[in-house]
1. For Asp408 and Arg604, calculate 0.36 nm times their separation in residues minus their Cα-Cα distance, and state this gained length in nm to one decimal.
2. Please list, in chain and number order, the residues 5+ apart from Ser386 or on another chain whose amide H is under 5 Å from its amide H, with Hs placed from the backbone.
3. From the phi of every residue in region 135-147, what ³J(HN,Hα) in whole Hz does the Karplus formula 6.51 cos²θ - 1.76 cosθ + 1.60 yield, where θ is phi - 60° and glycine or proline is x?
4. Over 27 Å between Cα atoms: which of Lys32/Lys147; Lys78/Lys410; Lys58/Lys211; Lys227/Lys302; Lys33/Lys578 fall into that group?
5. So how long is each side of region 505-641 along the principal axes, counting just the alpha-carbon atoms, biggest first, in Å?
6. Taking the radius of gyration and the Kirkwood hydrodynamic radius from Cα positions alone, what is the Rg/Rh ratio for region 270-321, to two decimal places?
7. Would you mind pulling out the separation of the Cα centroids of region 319-351 and region 29-84, in Å?
8. Taking the Cα atoms of region 157-283, what is the range of coordinates along each of the three principal axes, in descending order and whole Å?
Amino acid sequence: MEIKNLGKYDIVVIGAGHAGCEAALAASRMGKKTLVLSINLEAVANMFCNPAIGGTGKGHLVREIDALGGEMGLCIDKTFIQSRMLNTAKGPAVHSLRAQADKVRYHDEMKHTLELQENLLLRQGEAIDIDFGQLDVPGLGISQEKKVRGVLLRTGAYYACDAVVIATGTFLGGKIFIGDSVVESGPNGLSPSQILAENLKQSGFQLRRFKTGTPARALRASIDFSKMTVQHGDAHVVPFSFMNDNLDKEQVDCWLTYTNAQTHDLLRANFSRSALFGGQIEGIGPRYCPSIEDKVNRFADKERHQCFVEPEGLSTEEMYLQGMSSSMPEDVQIGFYKTMPGLENLEVVRSAYAIEYDCIDPLDIQLNLEHRDFPGVFCAGQFNGSSGYEEAAAQGLMAGVNAALWLDGKDPFILDRSQAYIGVLIDDLVTKGTNEPYRIMTSRAEYRLVLRQDNADTRLTPLGRKIGLVSDDRWERFQKSQAAVDAELARLKTTTVSPAEANPYLESLGSAPTDNRQSLADLLKRPEVTYENLAAIDSYRPVLSDHERSKVEVELKYAGYIEKQLAQIERFKKLEDKALPADLDYLNMDGLRIEARQKLDAQRPLSVGQASRISGVSPADIGVLLVTLEKMRRTSQKAQE
């Protein structure tokens, strides 16, 4: 193949899925000349699985991406067709926004955003190799330096660069399974990335196989919605992006139906025909999103499973059957779908399938998402062993930011577990690793009362501004909003009412009367009192946005719990702030168990806190590290004296 050197970029992003888009936008907005490559431009930000953004835990990630200056929240706000806030019966820490997307419009909007972005070129092309000096490139020759020099495309086109972000999704080594049909393919029948997978292995990348799947798509006209439970969107839409206020519009409905004994019997009778049970699939699938045959097999005592029927968009008649992913043959798929109420006459337009792909062990990357063995190579999304659009986008943003900082010789941008769900996500992957596609959940965050959706801007927008991702408009809007919230919190704490004013109001709510003057803030801490109904005795309140009112109410109602969690975070920070020298000799450190020596030497944690979360490192080992650091500090102090 003749190699044609077509120019130089600071950063090349391989893949334009949700991770690649955020990585490319972040790097280019930080001033880096960036090229993002997609095997097919129709794959840009495509929703190959569920046409939705957000959900439990995932909604937090989208809010954080937005607060840092990312794009996902803005894009889904433009293109949603139904919006719902989940878990509203529970506390605010686990409220999670989810929006059904028009998948074609989402793709179009994100693609157009990339096309308009300064310093960024979106190009269709299949990357087949990363040049670490091994390629004989016109004008560059062959080098022994073993550092990133460029990316080679299948056509022989070559783009020189100094850093690469790998965000290949499920395309890398992609293989699709439908019963006994096995086809090398990317998602939705697009071309896979096979040559790149082999070349990465030859370069020294350690790859492994994971698996995911997607349900069938069906024709709307073949579905009887009268036999299903309708799922309406929220009457009042809460935006994902802090740049938006009122997004109320006419929404589409979704529907809910269920499997039954007939469904399960048909599936069991055909287990032997499933690629999952037949041994064809070697990749490990996601525990929290199993195929329907896996659910029936693992939960044999369960009488039914949910199937959400969701529109794929406004310009298509395709309906998505959420919860029904499968690797069964097509005749079995059609058969078991038709056993469910409302789907008796179903016409399938796209079959369900399982897809297997190559990814790395995330223990091979550092907290800044740079590969441990390949300086200048940053990794994001499903290539790191995660699942989900939101997890991918969050990693993509961080990979793009850190690639740009790395090129400038600046310190990496790392969020810890007390700062963001993004920090939890990356720390879990990099420190603990994963044996299956990783999914974020609110239960993974120790400090979730502090890491709420409503305060993501307070936590992260100043950090996004510092690294250059937050625009002047967003920064001005944030400052005004934060000032309004702070002023209102102060007003509520200092404004008091007498028992004569408060008690009729409290009695109307079924709340106990008071004998003393009370601040409005103290009244708001009562379960029956809301910021909205407090207006009955508070006539001088300012005009606040829905977002600002929510922040005020949560901050006051949960002040005691938040204070306790902040104290926990202070203790957490003490260990996080105890940095471990990069050249610490763990293998010969007295007192460490052999397993701890090996794990610490392999992962090289940045802090004692990170070391404490490594599997195989015990509290006793952490004690040894603390003693060693103290000895080193005293030795250094004596040398200075």
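Every number in this text was worked out from the coordinates using simple rules, so none of it is lab data. The structure presented is a predicted model; accordingly, all values stated were derived computationally and were not measured. Here the Cβ is made from the backbone with ideal geometry for all residues, glycine too, and neighbour counts use every protein chain on show.
1. Fully extending the segment from Asp408 to Arg604 adds 68.2 nm.
2. Tyr438
3. Using θ = phi - 60°, the values come out as 8, 8, 9, x, x, 10, x, 10, 10, 9, 6, 6, 10 Hz.
4. Going by Cα-Cα distance, Lys78/Lys410; Lys33/Lys578 fall outside the 27 Å limit.
5. Cα extents, longest axis first: 70, 38, 31 Å.
6. We get a ratio of 1.07 for region 270-321.
7. Cα centroid of region 319-351 versus Cα centroid of region 29-84: 28 Å apart.
8. Projected onto the principal axes, the Cα atoms of region 157-283 cover 56, 52, 24 Å.
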